[in-house]
1. Name the residue, out of Asp279, Asp245, that is surrounded by 23 or more Cβ atoms within 10 Å (Cβ to Cβ), closer than 22 Å to Val206 by Cα and not aromatic (Phe, Trp, Tyr).
2. Among the residues of region 135-171, which ones are among the polar types (S, T, N, Q) and in a loop (DSSP other than H, G, I, E, B)?
3. So, in region 284-305, of the ones that are under 19 Å from Ala173 (Cβ atoms) and polar (S, T, N, Q), which residue ends up surrounded by the fewest Cβ atoms within 10 Å (Cβ to Cβ)?
4. Could you go through region 198-209 and let me know if any residue there is among the aliphatic types (A, V, I, L, M), farther than 30 Å from Leu471 by Cβ and either modelled with pLDDT of 95 or more or out of contact with any Asp or Glu (no Cβ under 9 Å at 6 or more places or on another chain) (or both).
5. Of Leu482, Leu435, Leu417, which residue is free of Cβ contacts under 8 Å to residues at least 24 places away in the same chain and either touching a Ser or Thr at 6+ places or on another chain (Cβ under 9 Å) or not in a loop (DSSP other than H, G, I, E, B) (or both)?
6. Can you pull out every residue in region 414-440 that is crowded, with 19+ Cβ neighbours inside 10 Å and under 17 Å from Leu337 (Cβ atoms)?
7. Hey, can you tell me all the residues within region 19-50 that are surrounded by 15 or more Cβ atoms within 10 Å (Cβ to Cβ), in a helix (DSSP H, G or I) and out of contact with any Leu (no Cβ under 8 Å at 6 or more places or on another chain)?
8. Of the residues Leu315, Leu236, Leu264, which single one is of a type outside the set (S, T, N, Q), out of contact with any Cys (no Cβ under 9 Å at 6 or more places or on another chain) and surrounded by fewer than 24 Cβ atoms within 10 Å (Cβ to Cβ)?
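The values are calculated or read from the model by the stated rules, or taken from the named source; none is laboratory data. On a predicted model such as this, the values are computed, not experimentally measured, just so you know. For neighbour counting, all protein chains shown are included, and Cβ atoms are generated from backbone atoms with ideal geometry for every residue, glycine included.
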Amino acid sequence: MVFNSYGFVLFFGVLLVLHHLPLAWRIKKINLLLASYLFYAAWNPPFVLLLWLATAVDFYIARLIAREERPVPRRLLLGVSLGLNLGLISFFKYGGFLLDNFTALLGAVGIAFHAAKPDLILPVGISFYTFVTLSYTLDVYRRQAPPEPSFLNFALFVTFFPHLVAGPIVRPADLIPQFYTPRQANRAQLLWGLLLLSLGLWMKVVVADGLLAPVADSVFGVPFPLAALDAWAGVLAFSGQIFCDFAGYSTCAIGVALCLGFVLPDNFRYPYAAIGFSDFWRRWHITLSTWLRDYLYIPLGGNRRGSARAYLNLLLTMLLGGLWHGASWTFVAWGALHGLLLCAERLVRGWTTRRRGQPLPAHAPVAEARVHHAAIGPPFPAHPLPGRFGLGLLTLLLVNVTWVFFRAPDFATAARLLRAMFGLLPSAPPLLTTLALLKVGVLSVGLVGAHWLMRDTSLARVAARVPWWLLGLGWATMLVLLVLTQKSSSSFIYFQF
């Protein structure tokens, strides 16, 4: 079941009615849990068993870890949780990828090996709920949180349907305490939640799928050289598509949860107005970047063991972050590019700081307040607005270059597009119509402009200053466009991750 379907409208309407009935709070939580399993089972019912397995194992393992005082047994228990969760995701998501690379490696040394390719279906959302359950077990192991005594609360934390299949990636402290007392949205929360749901669907259905996806698909799908203008239009179209698709899903999830009286963390803060790559990762997929910071970057040593180790930690974190997105070397390349650009930014910042005679940031745990911020400090705060805007445009340019590897099915396609973008191919006949080029140009400028206007504020603050009649007119327009465009919509991009 997806947010952009009429089936979800019926499902959510019934759930809202049940949630607002005068029932005991425990009954309402059971309703939410059963509804979440139904929501997930709509894709492939047998995969609910994997969700049950991960939930039960991590709940009971965490209780054993909390009671155990001896270091070795505690590490063994943690190893059981890590082995199960990472083993499941490795088998279903990376099994074919690992087998293909193992076969290629043997072939490179002259050993002929042929194995039947595993016919596996990727369980939707496995990358997301695996990180959710791992964060709980790791927090208990590090004694940063006590084990949750209620299995119902823990199961609902893992499976709560708004975040289950594509985030935001919630932590125990984000959601479990909200299950302790009855939750029901008041009138203002319900209206704001419905508005966020409408906005997220509009971003996904109308902008991402209706306007940008056809252009991106046509450019990335051709097997022949492209003109530079067509290549850039395709990449910009995908840049807008993936933001509107993924941020649209997160906006829907936050809105749906709010309609039920729950608050989920923000996942995007206008990333195309980022000034530098550290700033980009404070604004793009925030719950993933902070997860990687807390459970990978900092445990590896962060920036506490010198500059060389900090660069290595950044690269490893972003390499694994790229691999998290998909079982392909193009995703690894995408993560590696972001890691290299973060390292380059840290180098430049260190050089400019020393040139100005300012003290370098101390290598202390407190400096690691945000992902990758730990290694490079705040992003260029001393520059005036024109300089900041110029750095922002450079960041945007490089982000779009990296998107080529994220979207391209293979390195040959990525190389062909990059060569076309920078005029390294012979002239080719135009692929896209003038209308398509104009559409991508207007939408790209509008999207980036909106991000710059909103980069230091929030949607709620802006909406509070807009007259009610104008807000209602905009809402009605979104709903009309949604109905007219719904047939061209598809599943969210991040479902495949």
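1. The match here is Asp245.
2. Listed by number, the residues that qualify are Gln144, Ser150.
3. The selected residue is Thr290.
4. no
5. So the residue among Leu482, Leu435, Leu417 that is free of Cβ contacts under 8 Å to residues at least 24 places away in the same chain and either touching a Ser or Thr at 6+ places or on another chain (Cβ under 9 Å) or not in a loop (DSSP other than H, G, I, E, B) (or both) is Leu435.
6. Passing the criteria: Ala414, Leu417, Met421.
7. Leu38, Phe47, Val48
8. Leu264 is the lone residue from the list that is of a type outside the set (S, T, N, Q), out of contact with any Cys (no Cβ under 9 Å at 6 or more places or on another chain) and surrounded by fewer than 24 Cβ atoms within 10 Å (Cβ to Cβ).
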